[in-house]
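One structure below.
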Amino acid sequence: MTARVPASLAEGRAAPVAPARATPSGGHLGVMARDLRVAGRQRTAWLLPLAFFVAALSLFPLGLGADPTLLRRVAPGVVWVCALLSMMLSVNQMFSADLADGSLEQMLIGRRSMVGLVAGRILAQWLLSGGPLVLVAPLAGLAFGLSGDAVGVLVASLLLGTPVMTMLGALGAALALGLRNGAALVFLLVLPLAMPALVFGSGAVVAATNGEPAGAALSLLGALLILTALVAPPATAAALRISVE
Amino acid sequence: MISEPARTDATALLQATRLACRRGGRRLFSGFELTLEPGSAVWLRGPNGSGKTSLLRVLAGLARPDDGEVRYDGAPVHALSPVQRGRLRYLGHTNALKSELRVVEALAFLSGLAGEPVPRARVQAALSRWGLAGKIDALVGSLSQGQRRKAALARLMLDDEACTWLLDEPQEALDAEGLALFDDWLTEHAARGGAVLLTSHIPLRSAPVRVVDLASLTGTGPRP
Amino acid sequence: MTDASLPSTAEPRARWTRFASPVRFEALASRLAPWCWAVAVLAGLAGLYVGFIVAPTDATQGEAYRILFIHVPAAWLSMICYLAIAFWAVIGWVLKARMASRLARALAPSGALYTAMALWTGALWGQPTWGTWWVWDARLTSELILLLLYLGYIALVESIDDDRRAAQAGALLALVGALNVPIIYFSVRWWNTLHQGASISMTAAPTMAQTMLLALGLMTVAFWAHAIAATLTRARALSFEQEWTE
């Protein structure tokens, strides 16, 4: 597989790799930098989830009819479900490449904490598949006729909720690493675990569309985020170790 | 059973006792014993399917054996300190070099995992020795299989201190020049006090190695 | 790392850890399982008789309430089985006891069955009571998610060929799932109130006559016995498959 080398990349890189440089080479930042660099040279990594999100969203008005009142009512749930599906689509391949080329084994053997490396991987994955969704969400909200307040809450809920889904997806991907039917299996594993995030997230937006305060739901979602951030990365590291044995 | 003269933990870098491994319901080997001291090289030999790769992975701590234990400097392989981990190197069949990265980026990432970011000059020197001087900024995906293997082996040259190497078929895809270089370099590494355990179908020509034959589980003495 | 099977001459550390040995477990299970099957059948028949024939017609709900005699024990067991899976899976993982992991794996199909039964009987009860076959109330929705958790666990464990990896991965999943269950239940109840969904609660059962309680008790015993019997039988089969065919 040969990669096209954009001229800018070919010429510009003369930076020495030394400790003093800004390029991090170890730990979670190192992994994140590596993944972003890889993704930057292979645009499908982040374009595909985004394209899927937009495509899935477009199905609903086509399927349900263009009645603005109806669309406004279903918008919170629809946007959230499409975000969830889009993230599940991209997350199941999260560790496959590293498993295939042996990088995963090097990470397990190295002196860096596996939890830190996993955290870096998750962060990169979120930046690639979750972040773009958050950025596009306002457009989606407006397309479905949500009010300004509701769009704000939608963005906030996705900002809190997409990391949760990435972390749960990482755990599922790590457990199902290398198995046949991996994609469907990851979906099945992660979906029940992701339902609370879906409920709180879309619930917050529903409250906003009804003119009620969304603070309670967003706080619950925030608490869920913290809990997931504490539990999911170590569990994922353990699952990777199990899957590689 | 390989009978080794009794050694104390203090001198041995790696000590494997009573290792047994099963894969797919089949017992690959049992009662495997090995002691690796600094400055020694061991060539693990055996036919395909005899469990060489599994054994190597067990020794590296990637897989758990069905029985027995592996110790480095006296510590169990699953409870090594970061410093001890930093002195262990494993090279599998795959090179752990991502195709989308440049060679220098890939090598920097790998050495970063071991804890030491490496200056570019060192990377350049290591690659030059392997005949890849001009490839330092090339994308890994543009290298041939043999060149990628050389780059992966070059990564081992980036270490300051003598480490313990566990190499699985390191000579695969190397050309004649690469094979000669590998031989020389093994000798150097052993002279520095490092230890090597490798599996290979290609005999090592000049480097002094102890041969361990997995098929018969008998050991032979050092080659002259 | 040593194999968890204790040789038969070893001194047991505690009474119950003796059964970590597949040989001893087989001996215990082969004696216990037939009794449990017998109890399950007898208690089940008795419970069904008392519940469907002897117990009086309910004043408010008519005959339809009788399905609760199956629904309630099924729902209880579906929850208990999941917690049991998490328990045995963690024991198997921490103590490296293969038999415990096998118990966890053997529990799963029964647990999934009870969950499905709870859902199905819930729908059967719902039809005459609410007029629809399905209502997204908190309890039923939680049961549905629990069913998905079971299916996920079974799918994962069955997809992994290596026994040890299957046991460890399953244990991790079961543990994460068990931790999630209270969160899921809370979130579903919150969701229910937010959307002003069905407020009819299954637990708003009428004050129960003695016979009704008897029937419920008998059916609960029957379900427990069935769970134990089925799990032991399955665990024995797994043991046979994994231990003695190498």
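The values are calculated or read from the model by the stated rules, or taken from the named source; none is laboratory data. In this text the structure is predicted, and so the values were computed from the model without any measurement. FYI the Cβ positions are ideal-geometry reconstructions off the backbone, even for glycines, and counts take in every protein chain you see.
Worth pointing out:
- So A:P49, is it part of a helix (DSSP H, G or I), at pLDDT 50 or above and crowded, with 18+ Cβ neighbours inside 10 Å: yes
- Those residues of the range A:188-220 which are under 16 Å from the mean Cα position of the chain (by Cα) and more than 10 Å from chain C (Cβ to nearest Cβ), in sequence order: A:G201
- All positions within the range C:92-112 that are crowded, with 19+ Cβ neighbours inside 10 Å and among the aliphatic types (A, V, I, L, M): C:A97, C:M99, C:A100, C:L103, C:A104, C:A106, C:L107, C:A108, C:A112
- Exactly one residue out of A:M195, A:M165 is surrounded by 24 or more Cβ atoms within 10 Å (Cβ to Cβ) and closer than 16 Å to A:L85 by Cα, and it is A:M165.
- Test result for A:L185, at the interface with chain C (Cβ under 7 Å from one of its Cβ atoms), crowded, with 20+ Cβ neighbours inside 10 Å and within 17 Å of the chain's Cα centre (by Cα): no
- Meets criteria (in contact (Cβ under 8 Å) with a residue 60 or more places away in the chain and outside the structural domain of B:R23 (by TED's automatic domain parsing)) for B:G74: no
- Remark: pairs (first residue in the range A:86-114, more than 7 Å from every other protein chain (Cβ to nearest Cβ) and of a type in the set (V, I, T); second residue crowded, with 22+ Cβ neighbours inside 10 Å and in a helix (DSSP H, G or I); Cβ separation under 6 Å; 6+ apart in sequence or on different chains) = A:V91/A:G169; A:V91/A:A173.
- The range B:18-39 - residue that is within 30 Å of B:T187 (Cβ to Cβ) and not acidic (D, E) and, of those, farthest from the chain's Cα centre (by Cα): B:F29
- Residue in the range B:136-150 that is at pLDDT 90 or above, of a type in the set (D, E, K, R) and closer than 30 Å to B:T35 by Cβ present: yes
- Unmet requirement for B:F29, which otherwise passes all of (1) on the phi < 0 side of the Ramachandran plot; (2) modelled with pLDDT of 85 or more: (2)
- Number of residues in the range B:81-106 that are polar (S, T, N, Q) and touching a helix residue (DSSP H, G or I) at 6+ places or on another chain (Cβ under 8 Å): the value is 3.
- The lone exception for A:L57 - which of (1) crowded, with 16+ Cβ neighbours inside 10 Å; (2) of a type in the set (A, V, I, L, M); (3) away from every other protein chain (no Cβ under 14 Å); (4) within 30 Å of A:R112 (Cβ to Cβ) it fails: (4)
- Scanning the range B:107-152 for residues that are buried (at least 22 other Cβ atoms within 10 Å of the Cβ) and β-branched (V, I, T), we see that the one that is farthest from the other protein chains (Cβ to nearest Cβ) is B:V140.
- Conditions (1) closer than 29 Å to C:V23 by Cβ; (2) surrounded by fewer than 23 Cβ atoms within 10 Å (Cβ to Cβ); (3) within 14 Å of the chain's Cα centre (by Cα); number of the one not met by C:W76: (1)
- Any chance A:L123 is in a helix (DSSP H, G or I) and at the interface with another protein chain (Cβ under 10 Å from one of its Cβ atoms): no
- Residue within the range A:129-146 that is out of contact with any His (no Cβ under 6 Å at 6 or more places or on another chain) and under 30 Å from C:V157 (Cβ atoms) present: yes
- Residue check, A:V31 surrounded by 17 or more Cβ atoms within 10 Å (Cβ to Cβ), aliphatic (A, V, I, L, M), modelled with pLDDT under 95 and in contact with a helix residue (DSSP H, G or I) (Cβ under 8 Å, 6 or more places away or on another chain): yes
- Looking across the range A:86-97, the residues that are under 14 Å from A:P49 (Cα atoms) and either in a helix (DSSP H, G or I) or touching a Pro at 6+ places or on another chain (Cβ under 8 Å) (or both) come down to A:S86, A:M87, A:M88, A:L89, A:S90, A:V91.
- Filtered residues of the range B:51-79 (kept if touching a Phe, Trp or Tyr at 6+ places or on another chain (Cβ under 6 Å) and either modelled with pLDDT of 90 or more or within 10 Å of chain A (Cβ to nearest Cβ) (or both)): B:A60
- Any pair with Cβ under 7 angstrom, 6 or more apart, that starts in the range A:133-153 at a residue that is at pLDDT below 95 and ends at one that is assigned to a helix (DSSP H, G or I) and among the basic types (K, R): A:F144/A:R72; A:G145/A:R72; A:L146/A:R72
- One residue alone among A:A66, A:A100, A:A83 is in a helix (DSSP H, G or I), of a type outside the set (V, I, T) and surrounded by fewer than 23 Cβ atoms within 10 Å (Cβ to Cβ), and that residue is A:A100.
- All positions within the range C:137-169 that are under 16 Å from the mean Cα position of the chain (by Cα) and under 21 Å from C:V94 (Cα atoms): C:Y153, C:I154
- Hits in the range C:151-173 (condition: of a type in the set (A, V, I, L, M, F, W, C) and more than 8 Å from every other protein chain (Cβ to nearest Cβ)): C:I154, C:V157, C:A166, C:A167, C:A171
- Selected residue (only one of C:L148, C:L119 is within 14 Å of another protein chain (Cβ to nearest Cβ), over 22 Å from C:R165 (Cβ atoms), in a helix (DSSP H, G or I) and without any contact (Cβ under 8 Å) to a residue 40 or more places away in the chain): C:L148
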